[in-house]
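The values are calculated or read from the model by the stated rules, or taken from the named source; none is laboratory data. All values derive from a computational prediction rather than experimental measurement. Reconstructed Cβ throughout: ideal geometry from the backbone, glycine too, with neighbour counts over all protein chains shown. Quick note on the areas: whole protein, heavy atoms, side chains included, nothing else; ligands and nucleic acids left out. Shrake-Rupley method; radii C 1.70, N 1.55, O 1.52, S 1.80 Å.
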Amino acid sequence: MKQYINKILKKWWATSLVFFKIMIPVSIIIKILQETNAMPFISQVFEPLMHPLGLPPEMSLVWVTAMLSNIYGGILALSSIYANNPLTMAQMTTLTTLILFAHTLLIEIPICKKAGAKILPIFLIRVVGGYVFALILNLIYSSLGAYQNQISIPLLTTNDFSLGNWAMLEIRKYIIIALIVFSLIITLDVLERIKVINIINKLLYPIIKLLGISEKVLPLTLIGMTLGLAYGGGLIITESKQNDISPKDIFLSLSLLSLFHSIIEDSLLMIGLGASWTGIFLFRFVVSILAMFIIVKLVNKLPIKYFMNTSSSKSV
């Protein structure tokens, strides 16, 4: 039991430390933007992108922050502006799915590049693909009048006035986020121990195989889907050094991971913010699989050089 507790605490501390190294600078930058009234300017620049999604223009900052930092950085940005820009469940689902497609790009895209993939197609899949998905999701919710109730989340509804009060509130948010990280680590560990992740992998296996992904990268793809692109991408890099994996198989695996990864941890986190599971998990999964059929056709028709650096993919 002592070893188990130490293992969990070490993983929690290491994970939280990585997040806070990004979150604290992001928090300070956002505060500076607020104090210098730069926020309206940023909102105005990205307003054309947010309006079709049915989102307040200020939410563009949340998306950009998540892309440049990570999901937790996006949540921190959201917490800084949410009090004056509350969202309905439909809007929160649209925003969080947008983030799920495109986040931590400065880390995860280089991982894909290290595995041999070209930056542009992966960027288009994650950013443009994510935006199109969010656009469709907003149209569906708007047409059906679904999830139009405004949500209230204590973590995201605090107002700060003085710098001292702001600092205290930020510390409180860090503590809450650290607790969320801890609970997610425990949840993932429990799910692994009771074989739930194995069950999910078995359920996904026939669908992933249907896409034409090779048996050589299929297990690695499933790991990435359940645990995260960094895990799956890292394993693909290692495996490609030891075994003969074709550039096509590597790209298809990375494409699927770009669309649909960390389906447990990230999905639970977004649902905890008030998003609906229908968009976060169900619809995102369906659209990702449909998108993969299109990607497979493109990869089969076009030379692989448009998608992979074949020379680097052989030497990763």
> Which of the aspartates and glutamates could a cross-linker bridge to Lys216, judged by Cα under 16 Å and excluding same-chain residues fewer than eight apart?
Replying inline: Glu239, Asp244, Asp249
> If you place +1 on the Cβ of every Lys and Arg, -1 on the Cβ of every Asp and Glu, and leave all else neutral, what size is the dipole of the chain about its Cα centre, to the nearest 20 Debye?
Replying inline: 980
>> On a 23 Å Cα-Cα criterion, which of the cross-link pairs Lys114/Lys241; Lys113/Lys248; Lys11/Lys31 come out too long?
In response: Lys11/Lys31
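Per the helix-only calculation at 222 nm, which mean residue ellipticity applies to the chain, given -39500 (n - 2.57) for every DSSP H run of n ≥ 4 and division by its residues, nearest 500 deg cm²/dmol?
Details: 16 runs with 224 residues, N = 316.
Mean residue ellipticity at 222 nm (helix-derived): -23000 deg cm²/dmol.
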> Counting only heavy atoms of protein chains, what accessible area per residue, in Å², does the stretch 1-130 have with a probe of 1.4 Å?
Replying inline: 45
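Taking a ≥ b ≥ c as the square roots of the eigenvalues of the Cα gyration tensor of the stretch 15-138, is the shape rounded (a/c under 1.5), prolate (a/b larger than b/c) or oblate? Numbers along the way, then the final one.
Details: a/c = 1.83, a/b = 1.19, b/c = 1.53.
Oblate shape, in that a/c is at least 1.5 and b/c is the bigger or equal ratio.
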> Looking at Ala66, Ser142, Pro247, which one has the Cα that reaches farthest to the positive end of the dipole of the chain (charges on Cβ: Lys, Arg +1; Asp, Glu -1)?
Replying inline: Pro247
>> Using only Cα atoms and rounding to the nearest 10 degrees, what angle (0 to 90) does helix 163-193 make with the longest principal axis of the chain?
In response: 30
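Once you list every other residue whose beta carbon is under 15 Å from the beta carbon of Val132, what net charge do they have if Lys and Arg are +1 and Asp and Glu are -1? List each step's numbers first, then the result.
Details: positive: Arg126, Arg284; negative: none.
Combined, the nearby Lys, Arg, Asp and Glu give +2.
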> Considering amide H positions built from the backbone, and no H for Pro or chain starts, which residues 5 or more places from Met308, or on another chain, come under 5 Å of its amide H?
Replying inline: Lys118
